[in-house]
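What follows is a single structure, written as structure tokens, with notes after it.
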Amino acid sequence: MDPLLRIDPAGNGRRRISIYQPEQQGLIFPELPDFKNFEENRQYRKRHLVAACRAFAMHALDYGFAGHLTVRDPEFPELYWTNPMAVHFSKVKMSNLILADHLGQVIEGHYAVNRAGFVLHAAVHQEHPDIVAMCHAHTIYGGAWAATGRLLPPITQDAAVFFEDHVVITAEAGAVAVETNAGHSVAGYFKNVRAVIHQNRGLLTASRHSIDEAAFWFIALERCCQQQLMIEASGIAPQQVTPERARYSRENVGSSFIGWLHFQPIYDRIVAEQPDLFS
Ligand SMILES: [Zn+2]
């Protein structure tokens, strides 16, 4: 079943999957989409992939041509939509997205694929059929924290979302992943985690739900790395969230739905301010 389809089969409306969903009827609140066919789902995924790229631009997560976001095609899950090579995140739009296969062959679209990035994404998607979307970019704070080779400690409720839900990879540290076997050597680490800190490389997030979720947790993880570096630079030892509370926070404010939900105001802002994303 498509992870975005969560209709109550009894026809009693949508299932309540989070305490944030209002019990009171008639209030405006983002709803998970309902698709009649693959094409509707595909258009949704492409629009939200474009918005995710633009959100990365807004958060200054760009570095030259580095950075790639992928989402599986709903009908052909062995194919992935991704941002075009050497196009700034702020200039990605529906018409310049590309569709590529596991080998990085472009199936649809006119632009080249980012080879170094795609090798890793394709390996992760291939080894983990449940992973729908992935994000990677070369960011300031994520890159700095990744150099420590340490897990991110839960110093805030936001950071607790990643507690026991991310790993640090030291394999292939600092090497540009242009070879297929380099991609496969790190893909195994993505089992059951939403994020990876690749030592000397930076951050990666994966979602079993949506590109919205993968993009939001990426933005969140970068921000958590910034906060962690700030508190360490202050020289003051932070109080950590206890493991029990960190797990409780992760389960309640760190679900896939919550990640998706966090992205909706960002999506709405981009649609309102940058209508050319649909061109
Ligand atoms: Zn990279």
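The values are calculated or read from the model by the stated rules, or taken from the named source; none is laboratory data. Note that the structure is predicted; figures quoted are calculated from it, not measured. No Cβ is skipped: glycine too gets one built from the backbone with ideal geometry, and neighbour counts run over all protein chains shown.
What's the number of the only condition in (1) surrounded by 21 or more Cβ atoms within 10 Å (Cβ to Cβ); (2) at positive phi that G235 fails to meet?
For G235, the exception is condition (1).
Among the listed residues Q226, Q240, which satisfies the condition of being of a type in the set (S, T, N, Q) and part of a helix (DSSP H, G or I)?
Q226
Which ones in segment 3-38 are at pLDDT 85 or above and within 23 Å of P77 (Cβ to Cβ)?
Answer for segment 3-38, where residues must be at pLDDT 85 or above and within 23 Å of P77 (Cβ to Cβ): L32, P33, D34, F35, K36, N37, F38.
Is it true that E23 is farther than 22 Å from I258 by Cα and surrounded by fewer than 18 Cβ atoms within 10 Å (Cβ to Cβ)?
no
I'd like the residue in segment 161-183 that is more than 19 Å from I140 (Cα to Cα), crowded, with 17+ Cβ neighbours inside 10 Å and modelled with pLDDT under 95 and, out of all such residues, is nearest to the ligand (Cβ to nearest atom).
Among those residues, the one meeting the criterion is A177.
Any residue in segment 55-76 that is surrounded by 15 or more Cβ atoms within 10 Å (Cβ to Cβ) sitting within a Cβ distance under 6 Å of a residue that is of a type in the set (G, A, S) and in a loop (DSSP other than H, G, I, E, B)? List the pairs, counting only those 6 or more apart or interchain.
F65/A86
Please determine whether any residue of segment 132-142 is within 11 Å of the ligand (Cβ to nearest atom) and among the β-branched types (V, I, T).
There is at least one residue in segment 132-142 that is within 11 Å of the ligand (Cβ to nearest atom) and among the β-branched types (V, I, T).
Within segment 132-160, restricting attention to residues that are in contact with a Ser or Thr (Cβ under 7 Å, 6 or more places away or on another chain) and under 19 Å from H262 (Cβ atoms), which residue is surrounded by the most Cβ atoms within 10 Å (Cβ to Cβ)?
So, considering only residues that are in contact with a Ser or Thr (Cβ under 7 Å, 6 or more places away or on another chain) and under 19 Å from H262 (Cβ atoms), the one surrounded by the most Cβ atoms within 10 Å (Cβ to Cβ) is C135.
What tally of residues in segment 197-213 results from selecting those that are within 12 Å of the ligand (Cβ to nearest atom) and either buried (at least 24 other Cβ atoms within 10 Å of the Cβ) or at pLDDT 95 or above (or both)?
4
Please go through (1) crowded, with 24+ Cβ neighbours inside 10 Å; (2) not in a helix (DSSP H, G or I); (3) not charged (D, E, K, R) for F216 and return the number of the only condition it doesn't satisfy.
In the conditions (1) crowded, with 24+ Cβ neighbours inside 10 Å; (2) not in a helix (DSSP H, G or I); (3) not charged (D, E, K, R), F216 misses (2) alone.
Consider segment 201-252. How many of its residues are under 14 Å from the mean Cα position of the chain (by Cα) and within 28 Å of F35 (Cβ to Cβ)?
17
Within segment 247-263, can one find any residue that is crowded, with 18+ Cβ neighbours inside 10 Å and more than 25 Å from Y44 (Cα to Cα)?
Within segment 247-263 (the criterion being crowded, with 18+ Cβ neighbours inside 10 Å and more than 25 Å from Y44 (Cα to Cα)), the answer is yes, since at least one residue qualifies.
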